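The values are calculated or read from the model by the stated rules, or taken from the named source; none is laboratory data. None of the values given here were measured: they were computed from a predicted structure. Here the Cβ positions follow ideal geometry from the backbone for every residue, glycine too, while neighbour counts run over all protein chains shown. In case anyone asks, the SASA skips ligands and DNA or RNA and just uses the protein heavy atoms, side chains included. Shrake-Rupley method; radii C 1.70, N 1.55, O 1.52, S 1.80 Å.
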Amino acid sequence: MNAQAESDMPRNFDFAEVEPRVYDWWERQGWFKPESAPAEAAPYVISMPPPNVTGSLHIGHALFTALEDLMIRYERMRGKAALWLPGADHAGIATQLQVEKMLRDEGTSREAIGYEEFLHRTWQWKEEKGGTITRQLRRLGASCDWERERFTLDDGLSEAVLRAFITLWEQGLIYRGPRLVNWSPGLKTAVSDLEVESNEEEVTLYFFRYPVEGGAHLPVATTRPETILGDTAVAVHPNDERYRHLIGKRAFVPILEREIPVIADDYVDMEFGTGALKVTPGHDFNDYELARKHDLKLLNILNQDASMNAAAGKYAGLDRYECRDELWRDMTAAGLTIKTEPYRTRIPRSQRGGEVVEPIMSAQWFVRIQPLADKAIAAVRDGRVKIVPQRFEKVYFHWLENIQDWCVSRQLWWGHRIPAWYREKDGDPEGEIHVGREPPKGDGWVMERDVLDTWFSSGLWPFSTLGWPQETADLARFYPTQMMETGHDILFFWVARMIMLGLWLTDEPPFHTVYLHGLVRAEGGLKFSKTLGNAIDPLTVVNRLGADPLRFTLITSGTPGNDCHLDETRLDHSFRFINKVWQMTAFINMNLDGALELLLPPKAALDLPSRWILSRLNRLIENVQYLFDIHQYGEAGGQILAFMWDEFAPFYLEISKQALYQGSDAQKNAARQTLVHVQDACLRLLHPFMPFMTEEAWRYLPHQGEALIIADWPRANGDLIDDAIEARMSLCLEAVREIRNTRGEFAVDPGRRISAIARESAAAKDLAENAQILRRLCNVEALTLLPADADEPQNCASIVVGEISLYLPLEGLLDVAAESQRLAGEKAKIAEKLARTEKMLANQNFVERARPDVVQRERDRLADLQAAAARLDERLARLGQ
RNA sequence: GGGCGAUUAGCUCAAUUGGCAGAGCAUCCGGUUUACACCCGGAAGGUUGUAGGUUCGAGUCUUACAUCGCCCACCA
């Protein structure tokens, strides 16, 4: 079958022109949709980790896009019904913060404009900013099915959230109640454990005296003196001789004079601080546990904004830190303070707002998570879900095995409102609770104002986006999905919760494989940040170099699960590689002559270089397949680059010019077919890495099929892999290298044609029969064979490569002394290698115990080196005469 | 306190079952032969963090340590 290529390939790849055009074409043709595959095709589905709806593209998005699009394009080319389902997350806290900032800039606030107006403004904001990231993903070449794009606050997804919440409630897995929760005073909402980040900070440890009845004092240390006002006990260790006599006595809260007990508990560490512990159950998780154990009172002294409430007596109304200072002053005046010292400890801060989080008692909604966690653990244990790299499974298990109930309510306005109603009963406004879509019949029901944690809705993402809880065709066909590709930083936040909720609600793990990538960091391991000014903006890169170089660089810069330090010079290198591939295609294109049959000539009709490049190509395809199978995409990209840049271009392409320019019709045809075959395979292999250039270049190669995006993924042909051919060719190429070096050493003008003489041998025959190799690669006009027993030619530089002895007649250029010295240098190099190999083979243990093929390799090497050494000796001897 | 990762050329990183440690950038030398100066040919650059162990053979497996980073955990 004859195939045609477009002609007049542009000299350069104009990414700015090509990218939008090709992208629109792909999309219009429907190739991003799984329906473009045959109906019986197996599905391959990735749910895109939904970016924040109002966010804009950063380098992390670019990384996931590059990786996921690579996976999708690869599977699409393998004939799967590939579906990459895009979408956006409403991102409760992040979005609300942005809108609140906007309101602040306008001189107003969400409280001032009220709930309805605030939601209205937020939706408006979403409509304005919402398309940004989607447009940016398109510029990167993301082949998502945009018609299936979803947003977590869409009707369908909101329905999924309702269904999930109500189901869990009905199963008794959701409860509401007052608990000590992490409270963010700035945001005035509860946050989950995961949303609190604790880092060591320099603080002050305050030492003071707790007055005890009878005039005694109990020394206590704290980092948060204001919480003294909420103390309901002082605890000491039961065996502590210093304080044992005080156990059971009454102590008095400083300034407030409130009476509290001195209790004993072995939780107290006698060695730490003063050995006595103030107990503040209302504002400390440990103390809360202690209080439950000892049935202590619980006192809340903070308002929602972390100012002091009425329980703080005269300090009511003060900010927590003002109170800290004032109380300490008063205590000092009262003679109750001992000292302060600097102290390093971990301070819990809100991941979003950054302000210090306070444990506060508050009524919240919780998911009883253990039953869900158990299922999620089992699914990974039994391999229904695989995590790549595997070491994260351990992290995953550890978290799930120690999981705490999930606080899912947030006191925000932007999000899924919890489907619950309250009715006052016996003076308690929440005396009656109803969970459901609608309030029960009767008057007085008030809807819950709290919304759900953003991660609750994203936890349903892989199935809610496909229509769940409706039994849609998409859900049936595309769920469970195959791949969840995301950052390891949201393993707990998102991945674990999707697995838990997916297994619980759909009875299926939501995906088969979790591939975790790392963070993209700047040179030196620094985090990219705007303040440091070291951020690489993906769009700037795309504008400067195109999307392909950015994608290729991101994919080849890292390994699964590890952070990658992005080196900007790699971007330029990728750009040059992409240009290189374009130029290679252009070269082949311009040497075509009309239609070409897309078949390789039979092996027997192919010359040594052609059989060599086909062997190398098929070995490459094998390797790439292996690397894709184990998700080592970066290494795969690197190997394709190395093959093209270091083997195909500098050797085969160059050698082929002989046939193309001076060969017979048959030779021309064979060269064209081989060139087209190899380049075509490479473009296919590269397509998932650099879709734009490869698609555009492919049009200029003879091809069948409409587009590269839907072309078949290459499969290795084992018949074409041939060790012997590769060995023969590499000897020839070694000869080329040596001739080049020798020419260089004798300063032979590169443009000057020289001739060469080789002593007859099998390898020398290869060289002679493939004269184009030497002609094209080192400008050697003709190679004459010398009978094995002939005399050494005179006035020649000599080269020894394995069993090949080459002589370069360098009339008038040869300096005997210099040549002797050069050969002596060669000899020394060989002697070094020889020594190593001889030593290995002299080792009886090596010969007996090493794998036979390894031993054989060493033996072959020894023979080669010995032959080379012998020839060098001969040559040196003659020169010496 | 527990866990994980990293440590390889000046810098950023590779190295598929243990089998001659490799790229890119930077450096140095040499090149304008009709695909590509977004190029080509060469050179230099290494005790693979340290000290042991296993092995015929270790960057790779193992033990300890060091430094850096990350995650988890309730010591005021």
Residue list for segment A:58-72, filter: closer than 13 Å to A:Pro86 by Cβ, open to solvent by less than 10 Å² (accessible area, probe 1.4 Å) and not acidic (Asp, Glu) | A:Thr65, A:Ile72
Quick count over segment A:233-257, residues being open to solvent by 10 Å² or more (accessible area, probe 1.4 Å), in contact (Cβ under 8 Å) with a residue 24 or more places away in the chain and either within 15 Å of RNA strand B (Cβ to nearest atom) or in a loop (DSSP other than H, G, I, E, B) (or both), is 8
By residue number, the members of segment A:374-413 that are open to solvent by 80 Å² or more (accessible area, probe 1.4 Å) and within 16 Å of RNA strand B (Cβ to nearest atom) are A:Gln390, A:Arg391, A:Lys394, A:His398, A:Glu401, A:Asn402, A:Gln404
Please identify the pairs in which a residue from segment A:340-367 that is of a type in the set (Asp, Glu) has its Cβ atom under 7 Å from the Cβ atom of a residue that is open to solvent by less than 40 Å² (accessible area, probe 1.4 Å), counting only partners at least 6 apart or on another chain.
-> A:Glu341/A:Leu205; A:Glu355/A:Ser184; A:Glu355/A:Pro185; A:Glu358/A:Trp183; A:Glu358/A:Pro185; A:Glu358/A:His283; A:Glu358/A:Leu302; A:Glu358/A:Ala306
All positions within segment A:35-57 that are surrounded by fewer than 22 Cβ atoms within 10 Å (Cβ to Cβ) and either under 21 Å from A:Ala711 (Cβ atoms) or small (Gly, Ala, Ser) (or both) = A:Glu35, A:Ser36, A:Ala37, A:Pro38, A:Ala39, A:Glu40, A:Ala41, A:Ala42, A:Pro43, A:Gly55, A:Ser56
Go through (1) modelled with pLDDT under 90; (2) more than 30 Å from A:Asp193 (Cβ to Cβ) one by one and return the number of the condition A:Tyr343 breaks.
-> (2)
Can you tell me which residue in segment A:681-708 is surrounded by the most Cβ atoms within 10 Å (Cβ to Cβ), limited to those that are under 29 Å from the mean Cα position of the chain (by Cα) and charged (D, E, K, R)?
-> A:Glu696
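Give A:Ala824, A:Ala782 a once-over and let me know the one that is open to solvent by less than 80 Å² (accessible area, probe 1.4 Å), assigned to a helix (DSSP H, G or I) and away from RNA strand B (no atom under 13 Å from the Cβ). Spell out the reasoning first.
Details: A:Ala782 fails: assigned to a helix (DSSP H, G or I).
From the options A:Ala824, A:Ala782, the qualifying one is A:Ala824.
Check A:Asp450, A:Asp474, A:Asp426 and return the single one that is over 30 Å from A:Gly114 (Cβ atoms), of a type in the set (D, E, K, R) and surrounded by 14 or more Cβ atoms within 10 Å (Cβ to Cβ). Before you say what the answer is, go through the steps one by one.
Values: A:Asp450 fails: over 30 Å from A:Gly114 (Cβ atoms); A:Asp426 fails: surrounded by 14 or more Cβ atoms within 10 Å (Cβ to Cβ).
Answer to the selection: A:Asp474.
What number of residues within segment A:91-107 are under 13 Å from A:Gly415 (Cα atoms) and either of a type in the set (S, T, N, Q) or within 23 Å of the chain's Cα centre (by Cα) (or both)? Break it down into steps so the answer makes sense when it comes.
As a first pass, look at segment A:91-107 and keep what is under 13 Å from A:Gly415 (Cα atoms): A:91-97.
Narrowing the set further to residues that are either of a type in the set (S, T, N, Q) or within 23 Å of the chain's Cα centre (by Cα) (or both) leaves A:91, A:94-96.
Total meeting the criteria: 4.
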Search result, residues across segment A:857-866 that are more than 9 Å from RNA strand B (Cβ to nearest atom) and farther than 18 Å from A:Glu734 by Cα | A:Arg859
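Quick one: is A:Leu157 in contact with a Ser or Thr (Cβ under 6 Å, 6 or more places away or on another chain), assigned to a helix (DSSP H, G or I) and either at positive phi or without any contact (Cβ under 8 Å) to a residue 60 or more places away in the chain (or both)?
Answer is no for this residue.
Name every residue in segment A:643-659 that is near RNA strand B (Cβ under 7 Å from one of its atoms) and either buried (at least 23 other Cβ atoms within 10 Å of the Cβ) or closer than 18 Å to A:Arg737 by Cβ (or both), in order of residue number. Walk me through it before giving the result.
Our first condition is that a residue be near RNA strand B (Cβ under 7 Å from one of its atoms); within segment A:643-659, this holds for A:645, A:649-650, A:653-654, A:657.
Those that are near RNA strand B (Cβ under 7 Å from one of its atoms) and either buried (at least 23 other Cβ atoms within 10 Å of the Cβ) or closer than 18 Å to A:Arg737 by Cβ (or both): A:Trp645, A:Ala649, A:Pro650, A:Leu653, A:Glu654.
Across segment A:706-723, what is the number of residues that are assigned to a helix (DSSP H, G or I) and at pLDDT 90 or above? Quick ask: steps written out before the conclusion?
Filtering segment A:706-723 for residues assigned to a helix (DSSP H, G or I) gives A:708-710, A:718-720, A:723.
Retained after the next criterion (residues that are at pLDDT 90 or above): A:708-710, A:718-720.
Counting residues in segment A:706-723 that are assigned to a helix (DSSP H, G or I) and at pLDDT 90 or above gives 6.
Mind checking which residues of segment A:837-856 are under 22 Å from A:Leu731 (Cα atoms) and within 7 Å of RNA strand B (Cβ to nearest atom)?
Here is the first cut: in segment A:837-856, the residues under 22 Å from A:Leu731 (Cα atoms) are A:837-838, A:853-856.
Hit for segment A:837-856 is A:Val854, nothing else.
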Could you list all residues from segment A:162-215 that are more than 15 Å from A:Val367 (Cα to Cα) and among the small types (Gly, Ala, Ser)?
-> A:Ser184, A:Gly186, A:Ser198, A:Gly214, A:Gly215
Lone qualifier among A:Leu606, A:Leu617, A:Leu600 - being more than 14 Å from RNA strand B (Cβ to nearest atom), touching a helix residue (DSSP H, G or I) at 6+ places or on another chain (Cβ under 8 Å) and open to solvent by 40 Å² or more (accessible area, probe 1.4 Å) = A:Leu600
Segment A:415-437: number of residues that are more than 24 Å from A:Leu501 (Cβ to Cβ) and assigned to a loop (DSSP other than H, G, I, E, B) = 2
Of these, A:Gly594, A:Gly546, which one is under 26 Å from A:Glu6 (Cα atoms), more than 7 Å from RNA strand B (Cβ to nearest atom) and surrounded by fewer than 17 Cβ atoms within 10 Å (Cβ to Cβ)?
-> A:Gly594
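Yes or no: A:Glu322 surrounded by fewer than 15 Cβ atoms within 10 Å (Cβ to Cβ) and part of a helix (DSSP H, G or I)? Show your work before the answer.
Working: surrounded by fewer than 15 Cβ atoms within 10 Å (Cβ to Cβ): yes; part of a helix (DSSP H, G or I): yes.
So A:Glu322 fits the description; yes.
Residues being hydrophobic (A, V, I, L, M, F, W, C) and farther than 30 Å from A:Ile433 by Cβ: count how many of those fall in segment A:448-483.
Just the residues of segment A:448-483 that are hydrophobic (A, V, I, L, M, F, W, C), to begin with: A:451-452, A:455-456, A:460-461, A:463, A:466, A:468, A:473, A:475-476, A:478, A:483.
Now drop any that are not farther than 30 Å from A:Ile433 by Cβ, which leaves A:466, A:473, A:475-476, A:478, A:483.
Result for segment A:448-483: 6.
Among the listed residues A:Arg871, A:Arg861, identify the single one that is in contact with a helix residue (DSSP H, G or I) (Cβ under 8 Å, 6 or more places away or on another chain), among the charged types (D, E, K, R) and either touching a residue at least 12 places away in the same chain (Cβ under 8 Å) or part of a helix (DSSP H, G or I) (or both).
Working: A:Arg871 fails: in contact with a helix residue (DSSP H, G or I) (Cβ under 8 Å, 6 or more places away or on another chain).
Being in contact with a helix residue (DSSP H, G or I) (Cβ under 8 Å, 6 or more places away or on another chain), among the charged types (D, E, K, R) and either touching a residue at least 12 places away in the same chain (Cβ under 8 Å) or part of a helix (DSSP H, G or I) (or both) holds for just one of A:Arg871, A:Arg861, which is A:Arg861.
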Here the residues within segment A:269-286 that are buried (at least 22 other Cβ atoms within 10 Å of the Cβ) and closer than 18 Å to A:Asp240 by Cβ are A:Ala276, A:Leu277, A:Lys278, A:Val279
So, first residue outside any loop (DSSP other than H, G, I, E, B) in segment A:834-847, second residue more than 10 Å from RNA strand B (Cβ to nearest atom) and open to solvent by less than 50 Å² (accessible area, probe 1.4 Å), Cβ within less than 7 Å, six or more apart or across chains; the pairs are A:Leu834/A:Ala869; A:Thr837/A:Leu862; A:Glu838/A:Leu862; A:Leu841/A:Leu862; A:Val847/A:Leu841
